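*Asks:* Okay, here's the structure, questions in a sec.
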Number of protein chains: 2
Amino acid sequence: MKSVTVYDIAKEANVSVATVSRVLNNTAPVKASTRQRIQNLIDKYQFQPNALARSLIKKATGMIGIILPDITNPFFPEVLAGLEQEARQAGYTFFLCDTGSSNQDIKDQYRRESQYLGILTEKQVDGIIMIGGRIDLHHCGKEMAKEVAEINKRVPIVLINGNLPGAAFHRVVVDEIAGAERVTEHLIGLGHRDIAFIGGYPQMSNTVRRLEGFRTAMERAGLAVREEWVNHGGFSVNRGKELMGRLLDREGRRPTAVVCANDLVGIGAIKAAVKAGLEVPRDVSVTGVDDVPMAANIIPELTTLSLRCVELGRTAARVLHQLISKSDGVELLTTLQPELVVRESTAPPAK
Amino acid sequence: MKSVTVYDIAKEANVSVATVSRVLNNTAPVKASTRQRIQNLIDKYQFQPNALARSLIKKATGMIGIILPDITNPFFPEVLAGLEQEARQAGYTFFLCDTGSSNQDIKDQYRRESQYLGILTEKQVDGIIMIGGRIDLHHCGKEMAKEVAEINKRVPIVLINGNLPGAAFHRVVVDEIAGAERVTEHLIGLGHRDIAFIGGYPQMSNTVRRLEGFRTAMERAGLAVREEWVNHGGFSVNRGKELMGRLLDREGRRPTAVVCANDLVGIGAIKAAVKAGLEVPRDVSVTGVDDVPMAANIIPELTTLSLRCVELGRTAARVLHQLISKSDGVELLTTLQPELVVRESTAPPAK
DNA sequence: GTGAAAGCGCTAACAG
DNA sequence: CTGTTAGCGCTTTCAC
C-alpha cells in the first residue's frame, strides 16, 4: 500500500526528482522526450503529488476555512454557494466548520468557534471566513474578540455581516438598516400604520440594525412604534409562530402588518396567522429578511428583503482572495445594498 | 511575520526539539519542571504546531472530504449536520466539495466530481464521503465508476444512498423502495385509487427505487398505474409546479392523490394545485420524500417519507470512521429504515 | 528523562 | 536542460 513518490518516478525514469518536480509544476523547460517519459510514468502509477509536502514548502495550502453557526439554516448554504463558486475558480478548497448552534448551549458554540479557529490555523489554511456566531453579537466579549484579532495577524480573516470590537477586520456587509427602512416604507406606502416587529435577539447586531431601520422609517412617517409590538425570541419558524401567536392573542388593537427579523420567522408568522383563521395578506401583511429559496415557495409567497446571499458569498471570497494574494488597497469594508422583493404576503390593510 | 516552530521553543527552553514534541503530544514522560518551562513558552508565543508537517509524518490528516451536488438543496445540509456532529467528536474536519449541480451542465458536474476526487486525495484526506452526483445514476458509465474504485483502494470511501457498478463500495442507504410502498399504502388506505407519481429523473436510481415502491404497492392493492400519470422532470419546486400543472391540465379524470419524488416537488405540486383553485388535501392529496425542514413549514404541512437525513449522515460518518481506524468487520452495506410522517397534506379523497 | 539524527514527500536554489 | 543538495516543521527511533 506504499504510495508512489517523486523518487519512485525519478528512479524509473532515470532522472532526478528535480526534473520530475519540473514537469509536475511546469516550472522550468524540460526536454520533450524526458517530459514524455515522466508523464507516462505519472499516468501509469496515477501518481499524485502529496499536497502536504508541497504546502509545507510553499507556505500556501489552497485551503480556506469557513466558520458558521448552522448549516441547517437555509441562509448559510446560499452564501456558501456563492463562496464556493468564486473560490473554486481561484483554486481553493473549503473547510466547513459548523459550530452547530441549533442544538446546543450558546457557550458551547463559542467554544467550538475557538476550537475551529485553532484547528484551521494549525492546518495552515490560507484564509478564514466567519459568519454568524460571536461576530453577530452586539456586544462581543473582549476576550473572544481578541482571540480572533490575534489570529487575524497570522492569517487573513473576512467577516460576513458582522463585526468585532477592538480591532479592524475586513468585512463584507449588507446595509440592513437601509434595507429594513425600505421594507417598512413599503408597508407604510401600502397604507399600514399599525406595524409590528418580531423575531431576532436584542443582543445580536443584525437584529439591532433591522430594528433600527424599522424605527427610522416609522418615525420618518410620523408613526409611533408600539413597544408591546416589538418582540424578540429567535430566528426560527417556531419562534415566528410563537411570537405571531402572542401578538394575535393580545387584547385590543392588532397590527395590520408584521415586519419579521428574517424569512423563517416570517414563515412562522404566516403559519400562526393562518392557524388563527386569518388570511395573509388580506388580514395581515407579513415581510421577511434574507430571501432564502423557501421564501418564494411558501403560500403566499413572502415579500422579503433580499440580502443577496449568493452575491454576499462571492464578494467575501473575492475579498479574501485579494487578501491572500496580498493585493494592496483591499477595502476594509465592502457594503452591499439589499433589495426589496415584493411578492404576495403584503397588501394594503383591509378597509 | 515568521511563525514560531518547535526549534524556537526548544532553543529558548534549552532543550531539544524532541522534548518539545514530547510535551506537545504527551508521548513520553518529561520532567515536570522542563514540561512547565516548555508549556510557558508555548503559551507565551501562542505556538501552534504545523499540522502539515505533522500529518506528513503521521500519514493521517484528520480531514475527510464530502462531495455533494448542491448544498443549496435542503436535503444535503441535513445530512451534513449529521456527518459533522458525529465526525467532530472523532476529531475530523470537513472538506466541503460542492459540485454545483444547480447551475451548470451535468457533464461539468461529473468533471468537477473527478476534480475534487483528485484534490482530496492529493490533500491526503483520511476518507471521502460521496452523496448524489454520479453515484445516483441508474447506469453509471464504467469510466466514472472505475475512477472512484481506483481511489477507493488508496483512501476509504463511503457512498450515501447511491452505488457504483464494477466494484464493492461501503454504502449507507435508506430503504426507499419499502418507504415508497409505505407512502403509497398510506394513500390507498385513505381510499385513494387514482394516484399519480411525479418528479425525479428516470435515469437516477433513487427515482427508480421510489417508483418501484409505488408500483409494488399499487399492484399489491390491485390498482392500475396510469402511465400518463407517471411523469419525471426533476427534483425542484419549479419542476413540481410544472409537472403538477400538466397533470391538472389534462383532459379526463384527475388523480386524487399525487406521490412526489421528493419534498421540493411536493411543495411545487401543492403550489400548482392551489394556483389551479384546488384545496390540498380536500381536492387532492400530496406526499413528498426526504422530510426536509421546509416540509413541516409549508401550508398545509407535507405528509412525507422521512429519510432520516441527520441519522443518515451520522451513520455514514461512523462507518467511515471505522474504515479509517481499520476496524475489521465493517459492514459493506448499512440500511436505514425510512419513516412515514403523516401531516396535513393527505386525507381521504372527496367522495 | 533527554538529545542527535534520520526522515515524511516535495520544491528551490545553485551548479553544471 | 538536468542533477545535487538543502531544507519546510515535525515525529520518532536509538542512544546515552
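The values are calculated or read from the model by the stated rules, or taken from the named source; none is laboratory data. Nothing here was measured: the structure is a model prediction, and the numbers come from that model. With ideal geometry, Cβ positions are generated from the backbone for all residues, glycine too; neighbour counts draw on all protein chains shown. Side chains are part of the model used for accessible areas, which takes the heavy atoms of the whole protein and leaves out ligands, DNA and RNA. Shrake-Rupley method; radii C 1.70, N 1.55, O 1.52, S 1.80 Å.
*Asks:* In nanometres, what is the gap between the two model label sites at A:Ala28 and B:Asp283, each 7 Å from Cα along Cα-to-Cβ?
*Replies:* Between A:Ala28 and B:Asp283, the simple spin-label model gives 7.7 nm.
*Asks:* For A:Val174, enumerate residues with amide H under 5 Å from its amide H, sequence gap 5+ or separate chain, H modeled in the peptide plane.
*Replies:* Residues meeting the criterion, in which the H sits 1.01 Å from N, are A:Asn161, A:Leu336.
*Asks:* Run the reach check for A:Lys326 against lysines, Cα to Cα strictly under 29 Å, same-chain hits fewer than 8 apart removed. What comes back?
*Replies:* A:Lys58, A:Lys59, A:Lys123, A:Lys142, A:Lys146, A:Lys153, B:Lys2, B:Lys44, B:Lys123
*Asks:* Follow-up question, since we're still on this one. About its Cα centre, how strong a charge dipole does chain A have in debye, to the nearest 20, once Lys and Arg get +1 and Asp and Glu get -1 at the Cβ? Present the calculation step by step, with values, prior to reporting the outcome.
*Replies:* Numbers: 43 positive and 40 negative charges, 244 e Å.
Roughly 1180 debye, rounded to the nearest 20.
*Asks:* Can you return the lysines within cross-link range of A:Lys275? Criterion is Cα-Cα under 17 Å, with same-chain partners fewer than 8 residues away left out.
*Replies:* Reachable lysines: A:Lys241.
*Asks:* Next question, about the same structure. Rounded to the nearest 500, what is the 222 nm mean residue ellipticity of chain A from helices alone, with -39500 (n - 2.57) per DSSP H run of 4+ residues and division by all residues? Spell out each step's value before the answer.
*Replies:* Numbers: 13 runs with 159 residues, N = 351.
So the helix-based figure for chain A works out to -14000 deg cm²/dmol.
*Asks:* Read phi for every residue in segment B:306-314 and hand back ³J(HN,Hα) as whole Hz from Karplus 6.51 cos²θ - 1.76 cosθ + 1.60, θ = phi - 60°, with x for Gly and Pro.
*Replies:* After applying 6.51 cos²θ - 1.76 cosθ + 1.60, I find 6, 8, 6, 3, 4, 4, 4, x, 4 Hz.
*Asks:* Continuing with the same structure: Taking every residue in A:84-97, how many Cβ atoms of other protein chains lie within 10 Å of its Cβ, on average? Please list the in-between numbers first.
*Replies:* On the way: counts 7, 4, 0, 0, 7, 0, 0, 1, 0, 10, 5, 5, 11, 5.
Mean number of neighbouring Cβ atoms from other chains: 4.
*Asks:* 5 Å is the cut-off here: which amide hydrogens, built 1.01 Å from N in the peptide plane, fall below it relative to B:Ile71, excluding neighbours closer than 5 in sequence?
*Replies:* Close amide H contacts, sequence-distant or interchain: B:Gly100.
*Asks:* At A:Val225, with labels set 7 Å past Cα in the Cβ direction, how many nm apart are the copies from this one, shortest first?
*Replies:* Copy-to-copy label distances for A:Val225: 5.7 nm.
*Asks:* Okay, moving on. If contacts are Cα pairs under 8 angstrom and at least 6 residues apart, what is the relative contact order of segment A:6-58 in percent?
*Replies:* Relative contact order of segment A:6-58: 30 percent.
*Asks:* Mean separation of Cα pairs under 8 Å and 6+ residues apart, divided by the residue count of segment B:5-164: what relative contact order is that in percent?
*Replies:* On the way: 175 pairs, mean separation 32.3, N = 160.
Answer for segment B:5-164 is 20 percent.
*Asks:* Rounded to the nearest 0.05, what FRET efficiency do B:Lys153 and B:Leu223 give with R0 = 45 Å and r taken as the Cβ-Cβ distance? Could you check? Kindly include the intermediate steps, with their values, before the conclusion.
*Replies:* Details: r = 47 Å, r/R0 = 1.05.
Result of the calculation: an efficiency of 0.40.
*Asks:* Report ³J(HN,Hα) in whole Hz for each residue of segment B:212-220, in order, from the Karplus equation J = 6.51 cos²θ - 1.76 cosθ + 1.60 where θ = phi - 60°; Gly and Pro get x.
*Replies:* For segment B:212-220, the Karplus curve yields 4, x, 4, 4, 4, 5, 4, 4, 4 Hz.
*Asks:* Count, for each residue of A:36-46, the Cβ atoms from other chains sitting within 10 Å of its Cβ, then give me the mean as a whole number.
*Replies:* Values: counts 0, 0, 0, 0, 0, 0, 0, 0, 0, 0, 7.
Mean inter-chain Cβ contacts per residue within 10 Å come to 1.
*Asks:* Which Cα, out of A:Leu41, A:Ala295, A:His321, lies furthest along the positive dipole direction of chain A (beta carbon charges, K/R +1, D/E -1)?
*Replies:* Positive-most Cα among the choices belongs to A:Leu41.
*Asks:* Can you give me the long-range amide H partners of B:Arg343? Hydrogens built in the peptide plane at 1.01 Å from N, cutoff under 5 Å, separation of 5 or more residues or another chain.
*Replies:* Counting only residues 5 or more places away or on other chains, the set is B:Thr303, B:Thr304.
*Asks:* Considering every Cα-Cα pair within the protein assembly as shown, what fraction, in whole percent, is farther apart than 44 Å? Don't skip to the end; give the middle numbers.
*Replies:* Working: 73649 of 246051 pairs.
Everything past 44 Å amounts to 30 percent.
*Asks:* Which of B:Val341, B:Val155, B:Val23 moves the most in a Gaussian network model of chain B with Cα springs under 10 Å?
*Replies:* B:Val23
*Asks:* Apply the Debye scattering formula to segment A:176-308, with a single equal point scatterer on each alpha-carbon and no solvent, then give log10 I(q)/I(0) at q = 0.11, 0.12, 0.13, 0.19 Å⁻¹.
*Replies:* -0.31, -0.37, -0.43, -1.00
*Asks:* If you don't mind, another one. Kindly report the accessible area of the protein assembly as shown per residue (heavy atoms of protein chains, probe 1.4 Å, no ligands, DNA or RNA), in Å². Mind dumping the intermediate values first?
*Replies:* Details: 29790 Å² over 702 residues.
Using a 1.4 Å probe on heavy atoms only, each residue of the protein assembly as shown averages 42 Å².
*Asks:* Checking buried surface per residue: for segment A:226-249, which residues lose a minimum of 40 Å² accessible area in the protein assembly relative to the chain alone (1.4 Å probe)?
*Replies:* Buried on complex formation: no residues.
*Asks:* Simple spin-label model, 7 Å along Cα-to-Cβ: A:Ser325 to B:Ala60 in nm?
*Replies:* Distance between label points: 3.8 nm.
*Asks:* Same structure, new question: What residue among A:Glu143, A:Glu113, A:Glu185 shows peak mean-square fluctuation when chain A is described by a Gaussian network model with Cα springs under 10 Å?
*Replies:* A:Glu143
*Asks:* Here is a follow-up. Once phi is turned into ³J(HN,Hα) by the Karplus curve 6.51 cos²θ - 1.76 cosθ + 1.60 with θ = phi - 60°, what whole-Hz value does each residue of segment B:35-44 show in order, with x for glycine and proline?
*Replies:* Karplus-based 3J(HN,Hα) across segment B:35-44 equals 4, 4, 4, 5, 4, 4, 5, 4, 5, 4 Hz.
*Asks:* First measure r as the distance between the Cβ atoms of B:Ala168 and B:Thr216, then evaluate 1/(1 + (r/R0)^6) with R0 = 25 Å and state the FRET efficiency to the nearest 0.05. Walk me through the intermediate numbers first.
*Replies:* Working: r = 27 Å, r/R0 = 1.06.
Computed FRET efficiency for B:Ala168 and B:Thr216 comes out at 0.40.
*Asks:* Using a Gaussian network model of chain B with C-alpha springs under 10 Å, which one of B:Ala145, B:Ala221, B:Ala51 is most mobile by mean-square fluctuation?
*Replies:* Greatest mean-square fluctuation among the candidates belongs to B:Ala51.
*Asks:* Indicate the residues belonging to segment B:279-315 that lose 20 Å² or more of solvent-accessible heavy-atom surface (probe 1.4 Å) upon moving from the chain alone to the assembly of all protein chains, ignoring ligands and nucleic acids.
*Replies:* By number: B:Met294, B:Asn297, B:Ile298, B:Ile299, B:Glu301.
*Asks:* Nearest 100 Å² is fine: what is the total accessible surface buried where chains B and A meet, probe 1.4 Å?
*Replies:* Details: alone 17340 and 17360 Å², together 29790 Å².
Interface between B and A: roughly 4900 Å².
*Asks:* Shortest first and in nm with one decimal, please list how far the A:Asn25 label point sits from its counterparts in the other copies (point 7 Å along Cα→Cβ).
*Replies:* 2.7
*Asks:* A further question on this structure: Between the alpha-carbon centers of segment B:243-310 and segment B:87-164, tell me the distance in whole angstrom.
*Replies:* 31
*Asks:* Over chain A, what is the relative contact order in percent, taking alpha-carbon pairs closer than 8 angstrom and at least six residues apart?
*Replies:* Details: 656 pairs, mean separation 59.1, N = 351.
So the answer I get is 17 percent.
*Asks:* Also: Using a 1.4 Å probe over the heavy atoms of the protein chains, calculate the carbon and sulfur portion of the accessible area of segment B:6-58 as a whole percent. Walk me through the numbers before you get to the answer.
*Replies:* Values: 1710 of 3290 Å².
Of the solvent-accessible surface of segment B:6-58, carbon and sulfur hold 52 percent.
*Asks:* Would you be so kind as to identify which of B:Met130, B:Pro349, B:Met218 lies farthest towards the positive end of the dipole of the protein assembly as shown, taking Lys and Arg as +1 and Asp and Glu as -1 on Cβ and the Cα centre as origin?
*Replies:* B:Met130
*Asks:* List the distances, in nm to one decimal, from the label point of B:Gln115 to the label points of the same position in every other copy, shortest first, placing each label point 7 Å from Cα along the Cα-to-Cβ direction.
*Replies:* The projected label point of B:Gln115 is separated from its counterparts by 3.3 nm.
*Asks:* On to the next question. Whose Cβ in chain B comes nearest the axis that rotates B onto A, and by how many Å?
*Replies:* Its Cβ sits closest to the axis: B:Leu96, 2.
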